[in-house]
There are 2 protein chains.
Amino acid sequence: MAKRIGLKDIAEALNVSVTTVSRALNNKFDINQETRNAILQKADELNYRPNAYAVSLRKNEYFTIGVILPSIDHYFFSTVLKGIMNKAHQANYLVLIGESNHDLEREKEIIEQFMSHCVTGVIISPSDKTTYGNNLDLLKTRRIPFILVDRPTNDSNHSFVRYDDPNGAFLAVEHLIQQGYKRIGFIKGYDYCVISNARYSGYKKALAKYDIPFDESLVKSCIHIDKPNDGYELSKQMLFVKNRPDAIFCVTDNVASGVYQAAIEYGINVPTELGIVGYSNSQISKHLTPTLSTVEQPGIEMGEQAFAFLQQNIIGGVSRLERTFEARLVIRQSSILQNFK
Amino acid sequence: MAKRIGLKDIAEALNVSVTTVSRALNNKFDINQETRNAILQKADELNYRPNAYAVSLRKNEYFTIGVILPSIDHYFFSTVLKGIMNKAHQANYLVLIGESNHDLEREKEIIEQFMSHCVTGVIISPSDKTTYGNNLDLLKTRRIPFILVDRPTNDSNHSFVRYDDPNGAFLAVEHLIQQGYKRIGFIKGYDYCVISNARYSGYKKALAKYDIPFDESLVKSCIHIDKPNDGYELSKQMLFVKNRPDAIFCVTDNVASGVYQAAIEYGINVPTELGIVGYSNSQISKHLTPTLSTVEQPGIEMGEQAFAFLQQNIIGGVSRLERTFEARLVIRQSSILQNFK
DNA sequence: CGAAATTTCGGAAACGTTTACGATGAATTT
DNA sequence: AAATTCATCGTAAACGTTTCCGAAATTTCG
């Protein structure tokens, strides 16, 4: 509302030129100490802030990156964002944020908004469909570097930061096997969910390694991977048969929480009668009773790494970078059988 | 990396002036249909995007708001942010985000960055100390409108969106009383935590209404309000005495989760032997066993309301707006005694 | 003391837009 | 046929900076 004050205001107040004021404020060398001090003081007095728009326009450097996430209130993504913002702040970058809600059209809008705002790079966790999609082409034709987070595409030219999802699932299932569980079920996501499929493959690999026959009746697909309800319903189906599984690996912690509910309802003890392992090491996993064993996903570190990669791409012009975070299992109470046998 | 293409590039390619190109792209009237079409086509072909910096600078209108939150990966705040971004997107505003981490110095840096980027308004959930502080003065002297979220200051001129915290606590405690609990404890935050104190007052008010004497030994203060550990330790202290409380109201769900742990450790049944009510209706409250009764905090709605207020302040120049969201109790299993008595 | 070097500053152009204004030519009117 | 209108376009200034270049004023040097 109030008039923005600019270099001109300071200049007029002190009877010097705009150029001189600029020089003083930017610590240039060819300026007298006294005038500089006077200018600094006046600037402070008038509460001057440089207009970032004018500066960027003139210098043609826009210290801005864009971040696109499917959902901002999803715990994992919010930690990724935190990691990005940590590093971005240190490097004096402005961070623009867009929430795609897995909507391709929205994702495109965000990218175009980012391009209008001259982002020098983008970190994106694409919606599932983008994986094969063309929204990224918008960035490519503009040669705007981007880093994929958590969900790499099948294009081998892209830089990405991801988590070793198959191995995370493998470790989870192997752990269950080693604990002595015999019939291990898996509650997955829908068929085209990239993340779910990656974990599915790890599940199968672990079974194969220990010569456990794959039993399709032990695998169920849920629609909503972020809510417990599907896990609840599907595990009820799985547990209400004669030859029921004695352990269930879940595609997310939230799904696992649904399995807890079903177990309680049926009076099935966890972990003695039913082992459970989730995925994400989200907040709830520590709070469930018994505490939930799960696969860790270090969101902050992944975010920080993504920003570091982006910076390398921007500055160094490095073409392709990738990092796969090593999977790590967090063993808690829900999968410990050893002491009871 | 690639050269940005501007109006000039289109103009040169078509042998017209920059002005004409601008006119064509902005749907001005005094332009020939054919040239317009040619320009539109060329712009599309070259993948032109207007430079938002130049536009804003020239038009002197910056459709940007800033949001400052203590923590971005805190569930409640992430939902507030989601609400803000929903509305901001509809209104075509750019959203800048800063994470203060309850650090006053950082908060100031963010505000200055925002001012450099010419935000037309700010939504801020101030760190505790700012409540009495001067960071907001930076905005005031610049006449940049701002809306406080969740944590109003004691300055009666400020616009804010908050939650009726005292009443939320009151409802929680009243509910426990009505269920038949007799000795109701409270685990609060540290002494200067605004939110904690608001809830504390509601606790006391409920006791007073039902003529239950206030017993200081039933009130404990924790440091970390967002983690279960303090709740765990403090409730152990409270439960390990002869005349222990039969219900505990907690300043947050996370603290309540710590009480669960202590109860399990001591073999105390929830809710029959110990009633528990938390605060925030966070993710975990639905997943705990038994499910946790808690006070709802509608983050998305509060965020949307905050943006609506900000917009009114910006557009209409309305001076002061406030809204207190009505408290609502979510009754789950952890506080139900009625059926057992 | 004159010339050269140095210090300190201002003028002007530029970044990519938008917009007020004027210019041009064609079409219409008288 | 001259005068007027109208449609279409270009010129130039402006937004708030930075920076190149040159101009004074001052100092240093031979």
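The values are calculated or read from the model by the stated rules, or taken from the named source; none is laboratory data. Computed from a predicted structure; not experimentally measured. All Cβ positions, even for glycine, are placed from backbone atoms using ideal geometry, and neighbour counts span all protein chains on display. Accessible surface areas use protein heavy atoms only, side chains included; no ligands, DNA or RNA. Shrake-Rupley method; radii C 1.70, N 1.55, O 1.52, S 1.80 Å.
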Qualifying positions in the range A:1-19 - part of a helix (DSSP H, G or I), among the small types (Gly, Ala, Ser) and free of Cβ contacts under 8 Å to residues at least 24 places away in the same chain:
A:11
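Quick check on the range A:111-121. Is at least one of its residues within 11 Å of chain B (Cβ to nearest Cβ), over 19 Å from residue B:87 (Cα atoms) and away from DNA strand C (no atom under 16 Å from the Cβ)? Before you say what the answer is, go through the steps one by one.
Step one: filter the range A:111-121 for residues within 11 Å of chain B (Cβ to nearest Cβ), giving A:111-121.
This time we only want the ones that are over 19 Å from residue B:87 (Cα atoms), so: A:115-121.
Subset that is away from DNA strand C (no atom under 16 Å from the Cβ): A:121.
So far as the range A:111-121 goes, yes, one or more of its residues are within 11 Å of chain B (Cβ to nearest Cβ), over 19 Å from residue B:87 (Cα atoms) and away from DNA strand C (no atom under 16 Å from the Cβ).
If you go through the range A:273-280 one residue at a time, do you hit one that is within 14 Å of another protein chain (Cβ to nearest Cβ) and open to solvent by 30 Å² or more (accessible area, probe 1.4 Å)? Can you show your working first?
Pass one, the range A:273-280, residues within 14 Å of another protein chain (Cβ to nearest Cβ): A:276, A:278, A:280.
Imposing the further condition that a residue be open to solvent by 30 Å² or more (accessible area, probe 1.4 Å) reduces the set to none.
No, the conditions are met nowhere in the range A:273-280.
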Exactly one of these conditions fails for residue B:107: (1) without any contact (Cβ under 8 Å) to a residue 60 or more places away in the chain; (2) open to solvent by 10 Å² or more (accessible area, probe 1.4 Å); (3) of a type in the set (Asp, Glu); (4) touching a helix residue (DSSP H, G or I) at 6+ places or on another chain (Cβ under 8 Å). Give me its number.
(2)
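This table checks each residue for (1) more than 21 Å from residue B:70 (Cα to Cα); (2) modelled with pLDDT of 95 or more.
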| site | (1), (2) |
| --- | --- |
| B:201 | yes, yes |
| B:211 | yes, yes |
| B:235 | yes, yes |
| B:248 | yes, yes |
| B:252 | no, yes |
| B:264 | yes, no |
| B:268 | yes, yes |
The range A:33-47, residues that are touching a helix residue (DSSP H, G or I) at 6+ places or on another chain (Cβ under 9 Å) and either of a type in the set (S, T, N, Q) or outside the structural domain of residue A:17 (by TED's automatic domain parsing) (or both)
A:35, A:37, A:47
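Would you be able to tell me the number of residues in the range A:84-97 that are in contact with a Phe, Trp or Tyr (Cβ under 7 Å, 6 or more places away or on another chain) and either part of a helix (DSSP H, G or I) or on the phi < 0 side of the Ramachandran plot (or both)? Even if it seems obvious, please write down each step before you answer.
Our first condition is that a residue be in contact with a Phe, Trp or Tyr (Cβ under 7 Å, 6 or more places away or on another chain); within the range A:84-97, this holds for A:84, A:87-88, A:92-94, A:96.
Within this subset, residues satisfying the condition of being either part of a helix (DSSP H, G or I) or on the phi < 0 side of the Ramachandran plot (or both) are A:84, A:87-88, A:93-94, A:96.
Selection size over the range A:84-97: 6.
Within the range A:165-252, which strands (runs of 3 or more DSSP E) (wholly inside it) include 3 or more residues that are open to solvent by less than 20 Å² (accessible area, probe 1.4 Å)? Explain how you work it out, then say what you get.
Numbers: elements: A:184-188, A:219-221, A:247-250.
Per the criteria, A:184-188, A:247-250.
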With criteria (1) away from chain B (no Cβ under 12 Å); (2) in a loop (DSSP other than H, G, I, E, B); (3) under 20 Å from the mean Cα position of the chain (by Cα), residue A:148 comes up short on (2)
Among (1) modelled with pLDDT of 95 or more; (2) among the polar types (S, T, N, Q); (3) surrounded by 14 or more Cβ atoms within 10 Å (Cβ to Cβ), there is one condition residue A:101 misses while meeting the rest; what is its number?
(1)
Tell me, please, whether a residue that is within 9 Å of DNA strand D (Cβ to nearest atom), closer than 22 Å to residue B:142 by Cβ and surrounded by fewer than 16 Cβ atoms within 10 Å (Cβ to Cβ) can be found in the range A:7-21.
yes
Only one of B:28, B:59 is surrounded by fewer than 13 Cβ atoms within 10 Å (Cβ to Cβ), closer than 26 Å to residue B:92 by Cα, within 12 Å of DNA strand C (Cβ to nearest atom) and under 34 Å from the mean Cα position of the chain (by Cα); which?
B:59
Odd one out for residue A:73 among (1) in contact with a Ser or Thr (Cβ under 7 Å, 6 or more places away or on another chain); (2) in a helix (DSSP H, G or I):
(2)
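Return the residues of the range B:26-69 that are among the aromatic types (Phe, Trp, Tyr), assigned to a loop (DSSP other than H, G, I, E, B) and within 14 Å of DNA strand D (Cβ to nearest atom); say none if nothing qualifies. First the steps, then the outcome.
From the range B:26-69, those among the aromatic types (Phe, Trp, Tyr) are B:29, B:48, B:53, B:62-63; that's our starting set.
Remaining after also requiring assigned to a loop (DSSP other than H, G, I, E, B): B:29, B:48, B:62-63.
Listed by number, the residues that qualify are B:29, B:62.
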Would you check if residue A:20 is of a type in the set (Ser, Thr, Tyr), within 8 Å of DNA strand C (Cβ to nearest atom) and modelled with pLDDT of 95 or more?
yes
Failed condition for residue B:214, given (1) hydrophobic (A, V, I, L, M, F, W, C); (2) within 25 Å of residue B:148 (Cβ to Cβ); (3) without any contact (Cβ under 8 Å) to a residue 12 or more places away in the chain, with all others met?
(2)
